Amino acid sequence: MIYGVYKNARNAAWQCLIDYNVTELPVKPSRIARVAGIKVIKNSDVHELEPHESGSSTLEGNQWYIVYDDENTKQRCRFTIAHELGHIFLGHELKKGYHTRKFDITKPAVEQAADIFASRLLAPACVLWTLDVHTAAEIAALCDISNSAAQIRAERMIELYSRNRFLTSPLEKAVYKNFEGYIQKKKAE
Ligand SMILES: [Zn+2]
C-alpha cells in the first residue's frame with residue numbers, strides 16, 4: 001500500500017470525526033451522512049446494487065446518495081455506510097462495480113482507502129489505546145463492527161501499540177479531546 005493513500009484516508013477519518021462532532025463509540029455513520037446532507041437508502045427499497053456489491057455512492061445533481069445492502073448484519077451495514085462516506089469525503093471518482101464485499105489485497109487503491117477511512121472512523125486508535133483495548137472481540141463490541149473488521153483493526157493496533165506514538169498529530173489530539181467525556185465515563189465503569 002502507498003503510504004500517501006493510508007495517511008490521506010486516516011487524516012480524513014480524523015477530520016470527519018472532528019467536523020461531525022463525534023464524541024462517543026459506537027460512531028454512527030448514518031448520522032454523519034444525515035448531517036452532511038447525504039441520503040442513505042436501503043437496497044431492499046430500490047434494488048440497485050449488483051450481486052457482488054455491498055454499497056454504492058452516486059451523485060445526482062448536487063445530491064449524494066448512498067445505497068447499502070441492508071440484508072447484511074447491522075455491523076456490516078455500518079461499515080458499508082462508513083466506507084461509502086470515505087469515497088465521498090476522499091473525493092474518489094466512483095465507477096460502478098468497485099464495491100466488493102470482501103477485504104481483498106488486490107482491491108484498487110480507492111477501495112483500500114475507503115476501507116481505511118471506515119475502520120479509522122468506526123474504531124479510532126487513540127480511543128482504543130486510552131481504554132487499553134486490544135482484542136478483536138473487545139473492538140467489535142465497543143465499536144459495533146463485524147468480527148472480521150475488528151480482527152483487521154486489532155492487528156493494526158498491535159503495530160500502533162508497539163510504536164506507541166499516539167496523539168502526536170494535532171488532528172488526533174482534537175479527536176481525543178472530543179471523546180474525553182466518553183473516555184472518562186468508560187474508565188469509571
Ligand atoms: Zn468502495
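The values are calculated or read from the model by the stated rules, or taken from the named source; none is laboratory data. This one's a predicted model, so the numbers in the text were calculated from it and none came from an experiment. Backbone-built Cβ (ideal geometry, glycine too); neighbour counts: all protein chains shown.
Brief remarks on what is shown
- Annotation: of all residues in segment 51-67 being more than 12 Å from Ile38 (Cα to Cα) and in contact (Cβ under 8 Å) with a residue 24 or more places away in the chain, the one that is farthest from the ligand (Cβ to nearest atom) is His52.
- Filtered residues of segment 6-26 (kept if within 14 Å of Phe89 (Cβ to Cβ) and touching a residue at least 24 places away in the same chain (Cβ under 8 Å)): Asn8, Ala9, Arg10, Asn11, Ala12, Ala13, Trp14, Gln15, Cys16, Leu17, Ile18, Val22
- Looking at Tyr176, Tyr161, just one residue is more than 20 Å from Tyr20 (Cβ to Cβ), part of a helix (DSSP H, G or I), in contact (Cβ under 8 Å) with a residue 24 or more places away in the chain and of a type outside the set (A, V, I, L, M, F, W, C), and that residue is Tyr161.
- Hey, Leu142 within 25 Å of Leu90 (Cα to Cα) and in contact (Cβ under 8 Å) with a residue 60 or more places away in the chain or not: no
- Test set (1) away from the ligand (no atom under 16 Å from the Cβ); (2) assigned to a helix (DSSP H, G or I) - Leu167 fails condition number: (2)
- Tyr6 vs. criteria more than 15 Å from Val110 (Cα to Cα), surrounded by fewer than 21 Cβ atoms within 10 Å (Cβ to Cβ), more than 12 Å from the chain's Cα centre (by Cα) and hydroxyl-bearing (Ser, Thr, Tyr): no
- Residue in segment 122-133 that is of a type in the set (Val, Ile, Thr), outside any loop (DSSP other than H, G, I, E, B) and at pLDDT below 95 present: no
- Each residue in segment 1-46 was checked for being aliphatic (A, V, I, L, M) and within 21 Å of Leu128 (Cα to Cα), and 9 of them qualify.
- Test result for Lys95, modelled with pLDDT of 60 or more, among the basic types (Lys, Arg) and surrounded by fewer than 24 Cβ atoms within 10 Å (Cβ to Cβ): no
- Of all residues in segment 32-70 being among the charged types (D, E, K, R) and surrounded by 12 or more Cβ atoms within 10 Å (Cβ to Cβ), the one that is farthest from the chain's Cα centre (by Cα): Glu48
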